[in-house]
Amino acid sequence: MKKTILSIAIVLALFSTAFANHPSGVNDRVVASFQKDFYKASDVSWAESGDYTTATFSVGKETMLAYYDFQGNLIGVVQNILSSRLPAHLQKDIKKQYGNYWVSELFQVTYDEGVYYYVRLKNADETIVLSTEGTNTWHKYALPKGKI
């Protein structure tokens, strides 16, 4: 009798652990892909929108966002970075062309197509957003009104 109760307790413990590690309401394919892609992730939280699922998580001391479609395909990864982690030519361009601005936000987006950078620059008079989408140089990124 004790063996039966112990066996049931072990099975219940295993199932409760498995369910605790699986986020409720998130597609199984997405969770499986995420666990494969980011096996060292911790502090994972999930959000869904109409077209994709977002996992916000930590790896070491860095916070990242991974975007997946509902089939479990990784769309891209977003990560805030320091300006010192920009490629040297992009750092130089900002210093040369926008020397009177300061960096208020900088992040990289990694897709299958490559890595793109976005930077929000501010000075006393204005805020601008630059992007490297599809190029190796900065260009102004147009945001909808009220989003700066």
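What number of residues within region 69-100 satisfy the criterion of being among the aromatic types (Phe, Trp, Tyr) and either at pLDDT 95 or above or out of contact with any Ser or Thr (no Cβ under 9 Å at 6 or more places or on another chain) (or both)?
So the answer is 1.
Given the conditions (1) surrounded by 11 or more Cβ atoms within 10 Å (Cβ to Cβ); (2) under 24 Å from residue 33 (Cβ atoms); (3) in contact (Cβ under 8 Å) with a residue 24 or more places away in the chain, which single one is not true for residue 71?
Here residue 71 clears every test but (1).
From the list 19, 34, 15, which one is in a helix (DSSP H, G or I), surrounded by 12 or more Cβ atoms within 10 Å (Cβ to Cβ) and either modelled with pLDDT under 95 or hydrophobic (A, V, I, L, M, F, W, C) (or both)?
Working: 19 fails: surrounded by 12 or more Cβ atoms within 10 Å (Cβ to Cβ); 15 fails: surrounded by 12 or more Cβ atoms within 10 Å (Cβ to Cβ).
The match here is 34.
The values are calculated or read from the model by the stated rules, or taken from the named source; none is laboratory data. Only a predicted model underlies this, so the values are computations on that prediction, with no experimental measurement involved. Reconstructed Cβ throughout: ideal geometry from the backbone, glycine too, with neighbour counts over all protein chains shown.
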